[in-house]
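Please read the structure below before turning to the comments.
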Amino acid sequence: MFGLEKIFSHGAMLGVDIGTTSIKIVELKKKGNHTNLQNYGMLESYGHFERANDVIQANAVKISEKQTAQLLKTLLGQVHFSTKSAIASIPAFASFISLIEMPEMTQSETQRAMSFQIKQSVPLPLSEIVVDWMKVGQREDENGFVRQQILVVAIPNETVARYKAVFKGAGLRLRALEVENLAFARATVGSDPTPTMIIDMGARATNISVVDQGFLKHNTQIDYAGDTLTRAIVKGLGIGYKRAEDLKKQRGILGGAGEYELSTLQAPFLDVILQEAKKVQQTVAVSLSITLQRVLLIGGGANLLGLDEYVQNQLQIPTVLGNGLLYVQTPQSLSVITKELQTRFATAMGLAIKNFI
């Protein structure tokens, strides 16, 4: 968490998740011992279907300040939130995340050692980044020595400045920035110690994260995601992007009668994502001694019909949809869209709930 102002734990807070093709906002408020969902909104940009670079932000395209501020203002004009205080997500590709292992030592010794370790793990001068680090566990290595595990997160100053400009332009008070992986892990896993893989399938990229003992331990990103599947349908069936997207949402990857062709078009690209997930599974088993016990699916692609079963068969790990409402209460009137809130809004929920825990 990179605080830009002092965060007050009273009143309401917005969690703002700026993705590659959408902006999602939730407003949470503490009432007694419960954190309640007060309001939510989402704005999607469909221009990327026709123009590959027409995105809010992507690996090769820096966040567009004016465009994003205008989109935020549009969403704020449609959904009337009661507060202007916000915590925003930073995409994994716009940050540097690394897990450092070092011998057990005192807090002061660790503090001194981290300056050197950060220089080794972040490919930018310390003067050009904002850095936060935290101890996330320890393990015994093959020689029997206890090594502490420290998660380092660094964000370029230029990125922070751009986000400040966006939120100022939209009329919001940006209280803090946080890498999206930490936010959705907080919302869907919390303090649960179960070794968990979280697959966050967005529009243009998929994040594969490992959370153990409630802490983020590994993160990998791959540029295959929901749009990849849509484009496979476009090419295979010779139809428009919007029609392909609708078909994907309606039928998913189920291989039943009348849907076999649709599922076979998408499967090779899903398999690329899951091959990466298998590599992550093997990497954390060998380097961190973590045996994964479950997979949580979140993001816009998580609700694809049949995806949970397909992932479970491929990875041989119990797989379910992630629940971003794990620590948030919602009005009964929203029960019909609970699944969407649990998966698509998981990052936004994790951002806003940080203010109340």
Could you tell me whether any residue of the range 312-324 is surrounded by 22 or more Cβ atoms within 10 Å (Cβ to Cβ), in contact with a helix residue (DSSP H, G or I) (Cβ under 9 Å, 6 or more places away or on another chain) and aliphatic (A, V, I, L, M)? no
Could you check, for the range 149-171, whether at least one of its residues is in contact with a Ser or Thr (Cβ under 8 Å, 6 or more places away or on another chain), farther than 30 Å from Ala12 by Cα, not assigned by TED's automatic domain parsing to the domain that holds His218 and not β-branched (Val, Ile, Thr)? no
Within the range 81-139, count every residue that is farther than 16 Å from Ala154 by Cα and assigned by TED's automatic domain parsing to the domain that holds Ala12. 7
Can you tell me which of (1) assigned to a loop (DSSP other than H, G, I, E, B); (2) touching a residue at least 60 places away in the same chain (Cβ under 8 Å) is the one Asn303 doesn't meet? (2)
Complete set of residues in the range 100-132 that are farther than 22 Å from Val179 by Cα and among the acidic types (Asp, Glu): Glu104, Glu109
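Residue-by-condition table, conditions (1) touching a Gly at 6+ places or on another chain (Cβ under 8 Å); (2) among the hydrophobic types (A, V, I, L, M, F, W, C); (3) modelled with pLDDT of 95 or more:
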residue	(1), (2), (3)
Ile298	yes, yes, yes
Ala302	yes, yes, no
Ile317	no, yes, yes
Gly324	yes, no, yes
Gln332	no, no, no
Leu341	yes, yes, no
Phe345	yes, yes, yes
Met349	yes, yes, yes
Asn355	no, no, no
Within the range 140-161, which residues are at negative phi and surrounded by fewer than 15 Cβ atoms within 10 Å (Cβ to Cβ)? Glu140, Asp141, Glu142, Asn143, Phe145, Val146, Asn157, Glu158, Ala161
Scanning the range 76-92 residue by residue, those among the hydrophobic types (A, V, I, L, M, F, W, C) and over 18 Å from Ala346 (Cβ atoms) turn out to be Leu76, Val79, Phe81
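Out of all the residues in the range 179-194, is one or more touching a Lys or Arg at 6+ places or on another chain (Cβ under 9 Å), surrounded by fewer than 21 Cβ atoms within 10 Å (Cβ to Cβ) and either modelled with pLDDT of 95 or more or under 20 Å from Ser98 (Cβ atoms) (or both)?
Narrowing the range 179-194 to residues touching a Lys or Arg at 6+ places or on another chain (Cβ under 9 Å): 182-183, 186, 194.
Filter once more, so that each one left must be surrounded by fewer than 21 Cβ atoms within 10 Å (Cβ to Cβ): 194.
Cutting the leftovers down to either modelled with pLDDT of 95 or more or under 20 Å from Ser98 (Cβ atoms) (or both) gives us 194.
Yes: one or more hits.
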Considering only the range 273-281, I want to know if a residue exists there that is of a type outside the set (Ser, Thr, Tyr), part of a loop (DSSP other than H, G, I, E, B) and surrounded by 15 or more Cβ atoms within 10 Å (Cβ to Cβ). no
Just to check your reading of the model, which residue among Thr291, Thr338 is of a type outside the set (A, V, I, L, M) and in a helix (DSSP H, G or I)? Thr338
Counted residues in the range 98-136 being closer than 30 Å to Ala348 by Cα and either in contact with a His (Cβ under 9 Å, 6 or more places away or on another chain) or of a type in the set (Ser, Thr, Tyr) (or both) come to 4
So is Ile357 closer than 19 Å to Val189 by Cβ, over 15 Å from the mean Cα position of the chain (by Cα) and of a type in the set (A, V, I, L, M, F, W, C) or not? yes
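Residue-wise test of (1) assigned by TED's automatic domain parsing to the domain that holds Val286; (2) surrounded by fewer than 19 Cβ atoms within 10 Å (Cβ to Cβ); (3) in contact (Cβ under 8 Å) with a residue 24 or more places away in the chain.
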| site | (1), (2), (3) |
| --- | --- |
| Ile208 | yes, no, yes |
| Asp223 | yes, yes, yes |
| Gly226 | yes, no, yes |
| Gly238 | yes, yes, no |
| Pro268 | yes, yes, yes |
Could you tell me how many of the residues in the range 164-178 are within 20 Å of Phe81 (Cα to Cα) and surrounded by 15 or more Cβ atoms within 10 Å (Cβ to Cβ)? 10
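The values are calculated or read from the model by the stated rules, or taken from the named source; none is laboratory data. Since this is a predicted model, take the numbers as computed values, not measurements. In this analysis, Cβ positions are derived from the backbone assuming ideal geometry, glycine residues included, and neighbour counts consider all displayed protein chains.
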